[in-house]
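Worksheet: the structure to be examined is printed underneath.
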Amino acid sequence: MANLTSRHSKSRRDKRRANWKGEYPSLTVCTECKEMKRPHHICPSCGTYDKKKIILVDSK
Ligand SMILES: [Zn+2]
């Protein structure tokens, strides 16, 4: 494993982290109900994934 020759300053570390901190904005449209959902996740409004019903969701 490579050794660090010099450690970055707190300022450089924090500036790097400032770019990716938090947020997960990516959303796709569900193919079944056309609602917004997170990719590679079960749709929260109709409960399907890969065109298969996975969970039962109350649709009132
Ligand atoms: Zn859906």
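Quick test of your reading of the structure: THR31 fulfils all but one of (1) in a helix (DSSP H, G or I); (2) within 20 Å of the chain's Cα centre (by Cα). Name the failing condition by number.
Unmet condition: (1).
Report whether or not LYS37 is touching a Leu at 6+ places or on another chain (Cβ under 7 Å), without any contact (Cβ under 8 Å) to a residue 12 or more places away in the chain and either surrounded by 11 or more Cβ atoms within 10 Å (Cβ to Cβ) or not acidic (Asp, Glu) (or both).
The answer is yes for LYS37.
If a residue has to be modelled with pLDDT of 90 or more and either loosely packed, with under 11 Cβ neighbours inside 10 Å or assigned to a loop (DSSP other than H, G, I, E, B) (or both) to count, how many in the range 1-26 make the cut?
Residues in the range 1-26 being modelled with pLDDT of 90 or more and either loosely packed, with under 11 Cβ neighbours inside 10 Å or assigned to a loop (DSSP other than H, G, I, E, B) (or both): 4 in total.
Would you check which residues across the range 11-60 are within 12 Å of the ligand (Cβ to nearest atom) and among the charged types (D, E, K, R) and list them?
Hits for the range 11-60 are GLU32, LYS34, GLU35, LYS37, ARG38, ASP50, LYS51, LYS52, LYS53.
The values are calculated or read from the model by the stated rules, or taken from the named source; none is laboratory data. Note that the coordinates shown come from a computational prediction; the quantities given were computed from them, not determined experimentally. For neighbour counting, all protein chains shown are included, and Cβ atoms are generated from backbone atoms with ideal geometry for every residue, glycine included.
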